[in-house]
Every structure is written in C-alpha cells, then in structure tokens.
1. Using only the heavy atoms of the protein chains and a 1.4 Å probe, how would 30, 113 rank by accessible area, largest first?
2. Can you give the accessible area of residue 82, probe radius 1.4 Å, in Å² rounded to 10?
3. For the chain, give me the percentage of DSSP beta bridges that are antiparallel, rounded to the nearest 5 percent.
4. Find out how many positive minus negative residues lie around residue 24, taking Lys and Arg as positive, Asp and Glu as negative, among other residues whose Cβ is under 10 Å from that of residue 24.
5. What number, in percent, do you get for the relative contact order of the range 48-142 if the mean sequence gap of Cα pairs under 8 Å and at least 6 apart is divided by its residue count?
6. What figure, in Å² to the nearest 10, do you get for the accessible area of residue 12 with a 1.4 Å probe and non-protein molecules left out?
7. Considering only the other residues whose Cβ falls under 13 Å of the Cβ of residue 70, what net charge follows from Lys and Arg at +1 and Asp and Glu at -1?
8. Over the chain, what is the mean sequence separation of C-alpha contacts under 8 Å (at least six apart), divided by residue count, expressed as relative contact order in percent?
Amino acid sequence: MEIKATIVIPNWNGRHFLKTCLDSLRNQSFKDFEVIIVDNGSTDGSIEYLKKTYREVKVICFTTNRGFSAAVNAGIKNAQGRYIALLNNDTEVDSEWLEKLVSALERHPEVGFCASKMLNYYKHSIIDTIGDGFSRYGIAFKRGARKKDGPRYSSEEYVFGACAGASIYRKELFEEVGLFDEDFFAYLEDIDISFRAQLRGYRCLYVPTA
C-alpha cells in the first residue's frame, strides 16, 4: 500500500537532538507517513538509541560523514512516499506541520515543492527563514531572517526556493530534476536544486501554517 509521505532526516552525532525532533513527529495530526534517518557515521550512540527508542524509524547507516546531500539522497532513493519531506534533526515541528505541507501540494497542482515557516529554536517570535531567495547579484539569502514574526509573514506566496531543513517535494520532481548535487557537502545544495526545479517549471510555495 502506498504511503502518502516520507520524512528524511540526516543525522551526524545528533543523538541529543533526536528525542525532541522525533517526539514532535509522533504527535503529527497527519499519520500517513514514514520516517527515514540517514546516519553519517555517528559515534555518539545515535544508531543504538534509535533502534531502542524509535523502532518505527527506518535507519540507513553510512560508515563516514558523507555530508547533507549524500544523506538526503540516500533517504530519497529509499522513500516510499508520494511526497518527500526533508527535516533537520535539530528541529521541533508543530503538530500540523506535515498536514499543512501535504495539503498545500494537493491544493496547488502547479507547485512542486514547499517551504515551511522556520522559527528560531530558542525564541519562537523570531524568524529563521520563510523560504530561500536569490538576488539579481547572485547572492542566496534567507527570506525574513532575524525578523519578528507577524501578519506580514502569514500569507501563502510563491518564493524562489525552500530551505531543505524543513521542506517538502513531489517525488516526481526528483525523478525529473535529479537528486541533490553531492558536490555541495553542506549548504547551498537547496539553492542549487531550487534553480533546477524552477528551470523545469516547478513552482515553490511558502506555507506559513507549516
């Protein structure tokens, strides 16, 4: 039976983050999903902790740290879901996070991927990013970074791209555009894939309720 969504989480020595992140996924209002954690050769007991405490999670293990892009690519290749969400391990998601992202894709057939509203972990009134931007001068930037959250940032809108720390993609986007470029070990890999997706006609939607 088809799973609606897969959540892929890269991990490298992040055992101290996993409880908060995975407990928030257990509390999701939307239930039709699987979780894949790709471990980049952790030495902090992450794998043993996952197998003991979160048996519902599928774990893929690398022997060395191959970087963010290689980790999420391995998760994407093993994903059963129609939609693929990427999530950093140092996050805590709202209980309706996945529901809102899936709903956005189903309401907007022209959209290939979506950006979440990402808030500062320690001060939730401050924005970390509300999607990625790219200036005419060739500079990538976080939209809304370090600004106070409010009505100005609470409407759906098309944006250049999604921060891969909390995003969702249609599986067919990866089938057409390709996976993340592993030359980007970490950082800017999401800008690169946003470029490739936009050039193929896939639009990105910022979903403020996610």
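The values are calculated or read from the model by the stated rules, or taken from the named source; none is laboratory data. This structure is a prediction, so every number in the text was calculated from the model and none was measured. A quick note on method: Cβ atoms are made from the backbone with ideal geometry, for glycine too, and the neighbour counts reach across all protein chains shown. Ligands, DNA and RNA are stripped out before the accessible areas are found, and what is left, the full protein with its side chains, is counted by its heavy atoms. Shrake-Rupley method; radii C 1.70, N 1.55, O 1.52, S 1.80 Å.
1. Correct descending sequence by accessible area is 30, 113.
2. The accessible area comes out at roughly 90 Å².
3. The antiparallel fraction comes to roughly 45 percent.
4. My count for the surroundings of residue 24 gives -1.
5. Once divided by the residue count of the range 48-142, the mean separation gives 12 percent.
6. The accessible area comes out at roughly 140 Å².
7. Surrounding charge for residue 70 is -3.
8. 24 percent.
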